[in-house]
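Structure first, commentary second.
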Amino acid sequence: MTTCRLCGSGELAGVVDLGATPPCELFLTADRLDAPEPTYPLHLRVCTECWLAQLPPLITPEETFTEYAYFSSYSTSWVEHARRFVDGAGLRQDSFVVEVASNDGYLLQHVVERGVRCLGIEPSANVGAAARDKGVPTLTEFLSPAVGQRVRAEHGPADLVVANNVYAHIPDVVGFTKGLRALVADDGRVSIEVQHLLTLMELNQFDTIYHEHFQYYTVASARRALAAGGLHLVDVEPLPTHGGSIRLWAQPEEAPMTQRALDLLSREKAAGLHELGGYQDFARRVARVRRDLLRFLIEAADAGKSVVGYGAPGKGNTLLNHCGIRPDLLAYTVDRNPYKHGRFTPGARIPIHPPERIAADRPDYVLVLPWNLREELVEQLSYVREWGGRLVFPIPSLEVVA
């Protein structure tokens with residue numbers, strides 16, 4: 001990467017280099033274990049002109065999302081988060097809602113229940129099929145300005161456009177934003193949820209850096225990205241989801257930003273994220289997390305303790321590969337998603353089993369890879385205490401929970 005994908009500047013500075021890893025969602029089947037596995041550099045850089053943190057576009061969205069292993073509805077808390085959003089969205093019976101990257105209908109199912117007209121735009125055919133099975137109208141497409149204009153011509157402008165956890169997944173951020181602008185009515189609203197770079201860095205969340213996330217936003221850089229596509233940022237809500245996210249509210253019409261949006265901009269500036277100095281200590285803190293986790297796993301193995309994982313999220317694969325964790329230190333992991341059962345994590349080749357395997361084996365420790373769902377998973381895994389097992393959370397720092 002030689003120039004910024006948002007502003008075109010050649011002034012890019014390194015933030016953290018996590019080595020080279022395979023794409024995090026390419027889970028291996030057993031017959032692929034002896035085949036070569038491509039890896040790509042995972043070096044996060046920041047543009048010192050517009051402050052967009054970014055990865056080179058080494059893989060395409062088509063490679064990742066044409067068939068996708070992530071189904072949003074397997075997270076109970078995420079479905080509930082979506083329901084609360086729809087409850088508070090102020091929808092009318094004659095509203096039209098479009099969600100981009102609508103996944104398996106986790107959010108729009110709540111719109112359908114209210115009898116409100118909606119449409120999902122989801123590039124993954126297998127995930128979109130699951131949404132249609134729920135009665136959610138879903139178009140299998142990647143959003144572009146042309147697709148946005150076509151949807152608008154066929155269905156009319158949307159009163160509300162939702163784009164949750166996709167704004168980081170698009171290398172052509174300007175084209176994607178123009179697609180959002182094409183979808184939304186001139187007096188409509190756009191809601192975008194994305195991880196907040198401020199929280200990512202404050203809480204050492206380096207495992208959320210992976211190839212399908214092409215950029216990492218501050219409020220400042222998101223404001224510039226939205227403006228480049230014809231949308232104006234008017235409000236920002238801090239959210240606890242995914243370890244710390246922001247909900248960006250944008251619209252075609254220019255308007256003053258709310259005080260809470262201005263307050264978040266001030267927090268970013270105070271943390272140094274509007275200048276290079278705020279990024280320079282991150283790599284050292286990442287190295288500390290890596291050393292602490294490896295030390296724990298090695299000492300557990302030396303003591304004859306069994307350690308297994310819970311979850312097989314994309315972020316977990318960044319963690320496993322950067323730390324060099326293999327089945328000798330983590331025997332297997334489990335996941336609620338049947339698509340992943342019998343497969344192996346990319347790079348580390350950790351076997352993935354159904355969740356029931358934990359109760360059958362009664363391990364000493366369970367390493368929780370989707371740490372962002374901590375509250376939900378502590379409850380789900382409370383049975384581990386029955387045999388004296390303990391949960392291990394690696395981020396933001398190593399914590400072993402009785």
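The values are calculated or read from the model by the stated rules, or taken from the named source; none is laboratory data. Not measured: the values here are computed from a predicted model. For neighbour counting, all protein chains shown are included, and Cβ atoms are generated from backbone atoms with ideal geometry for every residue, glycine included. Just so you know, the surface numbers come from the protein's heavy atoms only, side chains and all, with ligands and any DNA or RNA stripped out. Shrake-Rupley method; radii C 1.70, N 1.55, O 1.52, S 1.80 Å.
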- prompt: Counting only residues that are in contact with a Leu (Cβ under 7 Å, 6 or more places away or on another chain) and not in a helix (DSSP H, G or I), which one in segment 252-290 is farthest from Q195 (Cα to Cα)?
  reply: P252
- prompt: Just a yes or no: is a residue in segment 222-243 open to solvent by 10 Å² or more (accessible area, probe 1.4 Å), within 17 Å of A163 (Cα to Cα) and among the polar types (S, T, N, Q)?
  reply: yes
statement: Checked against (1) of a type in the set (S, T, N, Q); (2) surrounded by fewer than 23 Cβ atoms within 10 Å (Cβ to Cβ); (3) closer than 27 Å to P56 by Cα, N103 satisfies every condition except (2)
field: Identity of the residue in segment 5-44, within 18 Å of the chain's Cα centre (by Cα) and not in a loop (DSSP other than H, G, I, E, B), that ends up surrounded by the fewest Cβ atoms within 10 Å (Cβ to Cβ)
entry: H43
message: Condition (residue is of a type outside the set (V, I, T) and part of a helix (DSSP H, G or I)) applied to segment 324-336: is it met by at least one residue?
response: no
statement: The condition of being in a helix (DSSP H, G or I) and under 25 Å from D94 (Cβ atoms) holds, among R223, R181, R189, only for R181
task: Return only the number of the condition from (1) open to solvent by less than 30 Å² (accessible area, probe 1.4 Å); (2) among the charged types (D, E, K, R); (3) more than 23 Å from the chain's Cα centre (by Cα) that E254 does not satisfy.
output: (1)
task: Name the residue, out of P346, P363, that is under 26 Å from G244 (Cβ atoms) and open to solvent by less than 50 Å² (accessible area, probe 1.4 Å).
output: P346
query: Looking at Y210, Y217, which is the one that is within 17 Å of the chain's Cα centre (by Cα), open to solvent by 10 Å² or more (accessible area, probe 1.4 Å) and over 21 Å from V151 (Cβ atoms)?
result: Y210
